[in-house]
Structure formats: structure tokens, C-alpha cells
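Here's the structure we're looking at; comments come further down.
Where a number appears in this text, it was derived from the coordinates with a stated rule and is not lab data. Quick caveat: nothing in here was measured; it's all calculated off a predicted structure. Every residue, glycine as well, gets a Cβ built from its backbone with ideal geometry; the counts of neighbours run over all protein chains shown.
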Amino acid sequence: MQMGERIAILRKKKGLSQEELAIVIGVSRQSISKWESSQSVPDLDKIIQLCAYFDISIDHLVLGKELEEKKHLNIKTIVLLVSACNLCGLIFGCALWFEYMSYPSFVAGPLLIILSCVFYIWAMMNQKNQEDKIEANRIFWYLNTWILLFYPFVILNNILAFQPLIHFPFGYGLHNLYYWVLYGALCFIAYTFIHNKLK
């Protein structure tokens with residue numbers, strides 16, 4: 001985004017016409033029009049006036065730095081929200097599944113996780129800053145790998161053990177310990193792979 005576009009956005013947020021902004025800054029309406037269409041740029045003293053009037057920094061107006069910082073925070077916030085939804089999907093899904101042992105209760109958790117991951121993919125597709133995408137991707141996988149592995153692991157276990165898909169294999173006691181050991185080993189392998197991949 002060029003400086004002229006930022007001036008136009010700031011002017012419209014204030015609800016001003018080009019002529020009204022021209023009066024405030026002490027220039028002609030044609031000068032404002034040329035700035036906004038990037039045909040010319042304001043002199044330094046006019047840049048300072050614009051920044052003072054719109055209550056922004058020079059870096060924001062000239063380079064758009066604060067806007068980039070906001071995008072950076074937004075994508076991280078989205079990753080944290082998606083991770084929280086995934087965790088809720090795991091906890092509430094498992095609680096329903098353990099309580100009712102039915103197919104609707106079995107799919108409730110994965111459905112919430114799938115929906116939140118679809119939202120994450122959409123957010124990443126709309127994120128233009130490549131560095132932010134890489135950082136957000138790293139945070140997402142570090143926070144969510146163990147959650148995303150849970151349901152596929154349980155389903156595969158049930159298939160290999162000739163159990164119904166809705167069988168809840170985790171429980172208390174030493175006879176269930178090997179499920180936790182296998183799951184922990186799988187998570188460790190996955191995190192090692194992801195750590196090497198995202199270096």
C-alpha cells in the first residue's frame with residue numbers, strides 16, 4: 001500500500017472531503033488529489049502536519065509500519081483462537097464420547113477441530129506477509145500437533161484391534177498404559193519431524 005492510499009483511508013475515516021482536508025493542511029484540493037493518487041508526495045512539513053492531524057507516526061504514514069505490526073498480531077491471535085477451539089474440541093469431544101459411546105458423540109470433537117482448522121487455512125491464505133505466515137505456521141504446529149494426532153491415533157488403534165470405531169480405548173489402570181505410551185511416542189516423533197521441518 002502506497003502513502004497516497006493511506007492518506008485517502010485516513011481522510012475517509014475522519015469523514016472529510018478532499019477539500020476539507022486541504023483547508024486543514026493549508027494546501028489546494030488538487031494537491032490532496034495528487035497525493036492520494038500517488039502522482040506526487042507531500043513535502044516533509046506537510047507530512048508532519050498530516051501525522052499530527054491524524055494522530056499517527058511518520059513511520060505509519062510513510063512506510064505503513066504500524067499496519068504491518070497489526071497484521072502480525074492478528075494472525076498470531078487467530079492461531080491462538082484456533083488452538084483454543086481445537087483443545088475444546090478434544091476435551092468436550094472426549095467427554096461426550098466417553099459418556100455416551102455413540103457415533104454423534106464420537107464425531108462432535110473432530111467436527112469442531114476440522115472447522116477451526118478450515119478457518120485457520122482460510123486465514124493463512126489471506127495473510128500476505130510471508131514472514132508472518134511462517135511464524136504463525138510454526139506456532140500452530142507446536143501447539144496443535146498432539147491434538148490433531150489424537151483422533152486418527154484412536155481410530156487406527158481401534159481398527160488394528162478389531163474394535164468398533166466408537167470404542168474409547170483410554171482409561172485408568174495399567175492395562176491402558178500402552179495406549180498412552182504409544183500416543184506419547186507418536187507425538188514425540190511428530191514433534192521431532194516438525195521441529196526439523198520448520199527450522
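Before moving on, here are some points about what is shown:
- Span-like helix criteria (full DSSP H runs; alpha carbon extent of at least 18 Å along the helix axis; mean Kyte-Doolittle hydropathy of at least 1.6) are satisfied in the chain by 103-125.
- Most fluctuating residue given options Gly64, Gly26, Gly93, as computed from a GNM of the chain linking Cα atoms under 10 Å: Gly26
- When P(r) over Cα pairs in 10 Å bins from 0, in percent is calculated for this entry, the matching label among (1) 9, 36, 33, 17, 5, 0; (2) 8, 36, 39, 15, 1; (3) 8, 24, 20, 15, 12, 11, 8, 3, 0 is (3).
- Computed from the C-beta positions of Trp180 and Gln2, the FRET efficiency with R₀ = 45 Å rounds to 0.20.
- A Förster distance of 35 Å, applied to the separation of the beta-carbon atoms of Ile121 and Ile9, puts the FRET efficiency at 0.80.
- Taking each of Lys46/Lys133; Lys12/Lys133; Lys13/Lys76; Lys14/Lys34; Lys34/Lys76 in turn, the alpha-carbon distance tops 28 angstrom for Lys46/Lys133; Lys12/Lys133; Lys34/Lys76.
- Relative contact order [Cα under 8 Å, 6+ residues apart], segment 69-197, whole percent: 27 percent
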